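Reading through the structure tokens given below for one structure.
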Amino acid sequence: MNQRDGGFTLIELIMVMVVLSVLAVSTIGLFAGQGEFAGRLQRDQLLAHLRLAQQVALARHDVSAPATTWTLSRSGGTLQAQIVQGAYNTVRSLEEAGTTVTWSSATTTSCGAATGTLPLTLTFDQLGDLASETLICVSGNGQTWPVCVSAAGYAYAGVCTP
């Protein structure tokens, strides 16, 4: 007859891990405030709109097509991101939710050096490129969320790296 030594079975250990995972997922929202979500949401919306601007520039790459401009401006309590190329014109409104936006067109690796104020206009050529990289910083609630738009026109979360 087989005797069982003391200890837990594999199934018991897996069940404990599942219960702990469910508890962790359900309580994670208690540790993050609304300000953190608002800043991240604004950064993600800026990324999406910047990538759309580059795609518009690439899709309309005719020699005769004008350059594509992306402008971020403040109007009342909202930020407005606008893409214009010839007759194409789209505007998206973003809630500020207590955040501030600064930028720098110089090669910088921190948001502390980003002192430009809105409005900000970036111009994409027919290949989707910019004249120089630009760092955009969304700040609020003691945190900062950087967005880099490289000279190749690609926007990504994080600071610009040389």
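The values are calculated or read from the model by the stated rules, or taken from the named source; none is laboratory data. It should be emphasised that the depicted structure is a prediction, and the values quoted were computed from it without experimental measurement. Here Cβ is always computed from backbone atoms with ideal geometry, including for glycine, and neighbour counts include all displayed protein chains.
From the set of residues in segment 95-119 that are closer than 24 Å to Ala67 by Cα, hydrophobic (A, V, I, L, M, F, W, C) and at pLDDT 85 or above, which is farthest from the chain's Cα centre (by Cα)?
Leu118
Out of the residues in segment 53-67 that are closer than 14 Å to Leu130 by Cα and either among the aliphatic types (A, V, I, L, M) or touching a Ser or Thr at 6+ places or on another chain (Cβ under 7 Å) (or both), state the one that is surrounded by the fewest Cβ atoms within 10 Å (Cβ to Cβ).
Ala67
Identify all residues within segment 91-109 that are of a type in the set (S, T, N, Q) and free of Cβ contacts under 8 Å to residues at least 12 places away in the same chain; write none if there are none.
Correct list: empty.
Among the residues of segment 79-91, is any over 20 Å from Leu41 (Cα atoms), surrounded by 15 or more Cβ atoms within 10 Å (Cβ to Cβ) and within 19 Å of the chain's Cα centre (by Cα)?
So far as segment 79-91 goes, no, none of its residues is over 20 Å from Leu41 (Cα atoms), surrounded by 15 or more Cβ atoms within 10 Å (Cβ to Cβ) and within 19 Å of the chain's Cα centre (by Cα).
Tell me, please, whether a residue that is within 15 Å of Val56 (Cβ to Cβ), among the hydrophobic types (A, V, I, L, M, F, W, C), in a strand (DSSP E or B) and touching a strand residue (DSSP E or B) at 6+ places or on another chain (Cβ under 9 Å) can be found in segment 96-105.
Within segment 96-105, not a single residue is within 15 Å of Val56 (Cβ to Cβ), among the hydrophobic types (A, V, I, L, M, F, W, C), in a strand (DSSP E or B) and touching a strand residue (DSSP E or B) at 6+ places or on another chain (Cβ under 9 Å).
Is there a residue being outside any strand (DSSP E or B), surrounded by 19 or more Cβ atoms within 10 Å (Cβ to Cβ) and modelled with pLDDT of 90 or more anywhere in segment 130-142?
Yes, some residue in segment 130-142 is outside any strand (DSSP E or B), surrounded by 19 or more Cβ atoms within 10 Å (Cβ to Cβ) and modelled with pLDDT of 90 or more.
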